[in-house]
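Data first, discussion second: the structure below is written as structure tokens.
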Amino acid sequence: MVAQLTKNERQIALVILLVMAAVGLAMAAGGRNDPFGVHGALVMVVAILGMFGVISGYYAPEPPEDRLDSYYDAPSKFGIIAAMIWAVIGMFVGDWVAWLLAYPDWTFDAAWASFGRLRPVHTSGVIFGFGGNALIATSFYVMQRTTRARMPDQLSPWFVLLGYNLFCVIAATGYLMGVTQSKEYAEPEWYADIWLVIVWVTYFVLYMRTLARRKEPHIYVSNWYYLAFILVVAMLHIVNNLAVPIAWGSAKSYSLFAGVQDAMTEWWYGHNAVAFFLTSGFLGMLYYYMPKRAQRPIYSYRMSIISFWGITFFYMWAGSHHLHYTALPQWVQSLGMTFSVMLLIPSWVSAGNALMTLNGAWHRVRDDAVLRFMMVAAVFYGLSTFEGSFMAIRPVNSLSHYTDWTVGHVHAGALGWVAMITFGAIYASVPWLWKRQAMYSAKLVEAHFWLALAGTVIYVFAMWNSGIIQGLMWRTYNESGTLAYSFTDSLIAMHPYYVARAIGGLLFLLGAVVGCYNIWMTIRTAPSAAPETAADRPVLGGAVLQPGE
Amino acid sequence: MFGFHYRLERKAIGLVLAIIGVASIGGIVEIAPLFTIHQTVEDAPDMRVYTPLELAGRNIYIREGCYACHSQMIRTLRDEVERYGPYSLAVESKYDHPMLWGSKRTGPDIARLGGKYSDDWHVAHLNNPRDVVPESVMPAYRFLSRAELRTDDLSNHLKAQRRVGVPYSDDMIANAAADAYGQAAPDSPQAEGVAKRYGKATNIRAFDGKPKDLTEMDALVAYLQILGRLTDAAYKPMASAEK
Amino acid sequence: MMSIDHDILVWFSKSFGLFYLIALSIGVLVYAYWPSNKKSFDQAAQAILVDDDKPYRG
């Protein structure tokens, strides 16, 4: 990888790593008695290792001029592998905490292994580790193809990817040591947040520089979605994480906001993280990989634009539906509910557009598990956005909120939509990126598909049941007008569903492991040795016009 | 050639600005009025700040991720009020940086936990919830009793809290470590200062049963025992409704 | 000096969203259905299917 950098880039890399090592040292010294110091040491070690790497490759010949005749894909390859590793880590921890809710003593008598510290490792691991790496990797791939421009340099994509993964590692190790802001999905502390801002700005600048090199005036719609993901996540991240650290040398900080304002800011962030991290970015993925794999253009390009603005606009108002019947003023709750319900329109337009794209390619969906991953993703996208709008209605929310129904809803989206479209996109790109004819085994892709689908269905059904039962038990009165069930009664009723959920999660995890093996074997086998199957034959350029146009 | 590229870039930047505009206006319009909310919400003159020990306990609550299973926000629904107590008011969390309203009740809401159980109950429960509630799925937190509480940086904590708007006095900041010790050691000379600075109603007890050492268990139990007790505001509308 | 009081802000928030929604929807629809845009949309939709895996250099 150092060999791919120009001399000039190698020098800049060394300077960056030197600065990082110095900052790491200062952190380690300042935070001797604090997890902050541990992270400082980690940063320092990573930077020094990186310096060794750069120095050892420093005198390698510069990359040839003809590199400019091809896209720069090495970072995408790295990102995809990183995404798969994080998938296994994040899902493993997720399934572990799922078992802990059924058998709370399946743990070590150690602080790091308790539910509250492991849970954010799971959520950050899958959202930021798995999802984030997949988004960055595919966005690099897609932005170059759709603009027909190579990235402007070789260093900044690596800075973005490696820097982002450093953020993920700091986040996950921090949780295990008890470093957290407690803001859901924004747990990392102030120094990790600052680092992410630096990485993110570089990402944005890289994207814009590539767009500026394009030849076509029109920017393909996938890029709109990726750009919205980058921009809005930056905005959300900065505002929600405004905080005052207690001192240099301490990991701890206090949020600038308190009480109601803090709650509204947090769920404005939280809900829009769902919108712009888990929806917008992955729609960008969908709008490139699905047409490509199905060999058909998007059913209606116009609709993809209309739903883009709809999603960008509506989501912003919807966050307050997380706070129905709380101390948040009622008008804010009503506003949130209204916009959440309207959100269904652009969401279903997107899902419908995706499914209509497959019209005329259903035989491929039947034969090709990769395309089927994408198709099922679109179906779950439609289902979970409907469910989301439904749950945002105040009376429904009075039952569903605080229960496992929410957890089920989130996983219908996370497993059914986000993970499925990601696996589809990854299986499509691996042969393209590594120049293989097909995945090592189409059968294993098939196996992964069924494991993932079965896992999702079991998970979601278990949580629907437990959530609704829970919600009903908490509000049931007996004839004498008093509450019928104690909290413990509801706890006992949950047990079988918690076991079922953990089994569903296990299936999903197994699928991801199978996927890792398949990808590994694809990369290992020499290009010519790859067996060709109908399902994975590379796309031929046949242009078809969609009836929707 | 230059003109063509200039146009292209303008287009990309236009798209960026449009996204930022469309995406930010909703949030701003919706959140901005909340910062003037104090004009409408009833004030709670009796509201007190967390003592250093309670604040340390709150930070342990955050560190251990208790908020992932417990909410601290009783909604305005009949069954919630009957199960957990008077519904939560905005003013009750006005010093909570960050708020801990929570989003999931794997365990019960604990917004009104203060005074519900004895200190001993909490210590036993945290050491192993299944000793007290056999069906519980809450993790055991045995290590809290073994861990000595860190107090050397408590002044910094209070200072940072003051910077974000919590009214800690210089006196409170200067004596933070001593107050933390004193609150869990009722017979020590430091105990007196706690009552002086934070009010007579402050709980000053050996929370974990061992007045000599100051553990994380002391801090966490001190925090749990003050939940919902920083002000009486929430209990008043109830009382007046009964009349 | 007039201060921005809570009621005014709330009134603005409650009414503004609706107008903003209508204006934005019209804008987006006009853009999407503007006849001269159709060509570049069709082109864009087709372009990604072309299998020429090389950056453009000119």
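The values are calculated or read from the model by the stated rules, or taken from the named source; none is laboratory data. All of these numbers come straight from a predicted model, not from anything done at the bench. For neighbour counting, all protein chains shown are included, and Cβ atoms are generated from backbone atoms with ideal geometry for every residue, glycine included. To get the accessible areas, we keep the full protein, side chains included, count just its heavy atoms, and leave off ligands, DNA and RNA. Shrake-Rupley method; radii C 1.70, N 1.55, O 1.52, S 1.80 Å.
Please find, among C:Phe12, C:Phe16, the residue that is under 21 Å from A:Val332 (Cβ atoms), without any contact (Cβ under 8 Å) to a residue 60 or more places away in the chain, surrounded by fewer than 16 Cβ atoms within 10 Å (Cβ to Cβ) and touching a Pro at 6+ places or on another chain (Cβ under 9 Å). Exactly one of C:Phe12, C:Phe16 is under 21 Å from A:Val332 (Cβ atoms), without any contact (Cβ under 8 Å) to a residue 60 or more places away in the chain, surrounded by fewer than 16 Cβ atoms within 10 Å (Cβ to Cβ) and touching a Pro at 6+ places or on another chain (Cβ under 9 Å), namely C:Phe12.
Only residues that are open to solvent by less than 60 Å² (accessible area, probe 1.4 Å) and either not in a helix (DSSP H, G or I) or not assigned by TED's automatic domain parsing to the domain that holds A:Ala98 (or both) were counted in region A:478-499, giving 5.
Candidates B:Ala180, B:Ala174: the one that is aliphatic (A, V, I, L, M), farther than 18 Å from B:Gly114 by Cα, in contact with a Leu (Cβ under 8 Å, 6 or more places away or on another chain) and in the same structural domain as B:His97 (by TED's automatic domain parsing) is B:Ala180. Within region B:31-54, residues that are modelled with pLDDT under 75 sit with their Cβ atoms under 7 Å from residues that are surrounded by fewer than 17 Cβ atoms within 10 Å (Cβ to Cβ), at 6+ positions apart or across chains, in these pairs: B:Gln39/C:Asp5.
Determine, yes or no, whether A:Thr482 is touching a Leu at 6+ places or on another chain (Cβ under 9 Å), facing chain B (nearest Cβ under 10 Å), of a type in the set (Val, Ile, Thr) and more than 19 Å from A:Ser384 (Cβ to Cβ). Taking the combined requirement at face value, the residue does not satisfy it. Checked against (1) within 26 Å of C:Ser25 (Cβ to Cβ); (2) not in a helix (DSSP H, G or I), A:Phe229 meets all criteria but (2).
Every residue, every condition in (1) over 17 Å from the mean Cα position of the chain (by Cα); (2) at pLDDT 95 or above; (3) assigned to a helix (DSSP H, G or I); (4) more than 9 Å from chain C (Cβ to nearest Cβ), yes or no:
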position	(1), (2), (3), (4)
A:Ala263	yes, no, yes, yes
A:His271	no, no, yes, yes
A:Val274	no, no, yes, yes
A:Phe282	no, yes, yes, yes
A:Leu286	no, yes, yes, yes
A:Tyr289	no, yes, yes, yes
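What single numbered condition from (1) open to solvent by 40 Å² or more (accessible area, probe 1.4 Å); (2) out of contact with any helix residue (DSSP H, G or I) (no Cβ under 6 Å at 6 or more places or on another chain) fails to hold for A:Leu453? All conditions pass for A:Leu453, except number (1). Of everything in region C:1-47 that's of a type in the set (A, V, I, L, M, F, W, C) and part of a loop (DSSP other than H, G, I, E, B), which residue is nearest to the other protein chains (Cβ to nearest Cβ)? Among those that are of a type in the set (A, V, I, L, M, F, W, C) and part of a loop (DSSP other than H, G, I, E, B), it is C:Ile4. Just one of the listed residues (A:Val97, A:Val19, A:Val23, A:Val54) is within 28 Å of the chain's Cα centre (by Cα) and either assigned to a helix (DSSP H, G or I) or loosely packed, with under 13 Cβ neighbours inside 10 Å (or both), and it is A:Val97. Here A:Gly131, A:Gly79, A:Gly116 are screened, and the one residue that is closer than 22 Å to A:Val460 by Cβ and either part of a helix (DSSP H, G or I) or touching a residue at least 12 places away in the same chain (Cβ under 8 Å) (or both) is A:Gly131. Scanning region C:46-55 for residues that are among the small types (Gly, Ala, Ser) and at pLDDT below 80 turns up nothing.
Residues in region B:75-90 that are more than 9 Å from chain A (Cβ to nearest Cβ), over 11 Å from B:Ala233 (Cα atoms) and not aromatic (Phe, Trp, Tyr): B:Val81, B:Gly85. All of A:Leu323, A:Leu399, A:Leu371 fail the test of being open to solvent by less than 10 Å² (accessible area, probe 1.4 Å), touching a residue at least 12 places away in the same chain (Cβ under 8 Å) and within 14 Å of chain B (Cβ to nearest Cβ), apart from A:Leu323. In region A:346-363, the residues that are within 10 Å of A:Ile298 (Cα to Cα) and touching a residue at least 40 places away in the same chain (Cβ under 8 Å) never reach a residue that is of a type in the set (Asp, Glu) and open to solvent by 10 Å² or more (accessible area, probe 1.4 Å) with C-beta atoms less than 8 angstrom apart, at least six apart or across chains. Of the residues making up region B:91-100, those that are under 15 Å from B:Arg48 (Cα atoms), open to solvent by less than 20 Å² (accessible area, probe 1.4 Å) and facing chain A (nearest Cβ under 7 Å) are B:Ser93, B:Asp96, B:His97. Just to be sure before I move on: is A:Leu211 within 9 Å of another protein chain (Cβ to nearest Cβ) and touching a residue at least 12 places away in the same chain (Cβ under 8 Å) in the structure I sent? Criteria met by A:Leu211. Report whether or not A:Val430 is within 19 Å of A:Val379 (Cα to Cα) and among the aliphatic types (A, V, I, L, M). Judged against the criteria, A:Val430 is not a match. Screening region A:353-471 for helices (runs of 4 or more DSSP H) wholly inside it with 1 or more residues that are of a type in the set (Ser, Thr, Tyr) returns the ranges A:369-391, A:394-400, A:404-411, A:420-433.
Evaluation of A:Ile246 against the conditions (1) more than 7 Å from chain B (Cβ to nearest Cβ); (2) free of Cβ contacts under 8 Å to residues at least 40 places away in the same chain shows that the sole unmet condition is (1). For region B:61-82, state whether one or more residues are open to solvent by 30 Å² or more (accessible area, probe 1.4 Å) and in contact with a Leu (Cβ under 9 Å, 6 or more places away or on another chain). Scanning region B:61-82 turns up at least one residue that is open to solvent by 30 Å² or more (accessible area, probe 1.4 Å) and in contact with a Leu (Cβ under 9 Å, 6 or more places away or on another chain).
Residue-by-condition table, conditions (1) open to solvent by less than 10 Å² (accessible area, probe 1.4 Å); (2) of a type in the set (Phe, Trp, Tyr); (3) under 17 Å from A:His321 (Cβ atoms):
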| residue | (1), (2), (3) |
| --- | --- |
| A:Leu256 | no, no, no |
| A:Gln261 | no, no, no |
| A:Trp267 | no, yes, yes |
| A:His271 | no, no, yes |
| A:Phe276 | yes, yes, yes |
| A:Ala294 | yes, no, no |
| A:Ile298 | yes, no, no |
| A:Ser304 | yes, no, no |
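Here is a yes/no grid of residues against (1) more than 24 Å from A:Val2 (Cβ to Cβ); (2) under 13 Å from the mean Cα position of the chain (by Cα); (3) at pLDDT below 95:
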{"residue": "A:Val121", "(1), (2), (3)": "yes, no, no"}
{"residue": "A:Pro152", "(1), (2), (3)": "no, no, yes"}
{"residue": "A:Leu155", "(1), (2), (3)": "no, no, no"}
{"residue": "A:Leu176", "(1), (2), (3)": "yes, no, no"}
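Taken together, A:Val97, A:Val23, A:Val45 contain a single residue that is in the same structural domain as A:Gly174 (by TED's automatic domain parsing), free of Cβ contacts under 8 Å to residues at least 40 places away in the same chain and of a type outside the set (Asp, Glu), which is A:Val97. Residues that are within 9 Å of chain B (Cβ to nearest Cβ) and among the small types (Gly, Ala, Ser) within region A:175-208 comprise A:Gly178, A:Ser182, listed in sequence order. Of the residues making up region B:211-220, at least one is surrounded by fewer than 22 Cβ atoms within 10 Å (Cβ to Cβ), of a type outside the set (D, E, K, R) and assigned to a loop (DSSP other than H, G, I, E, B).
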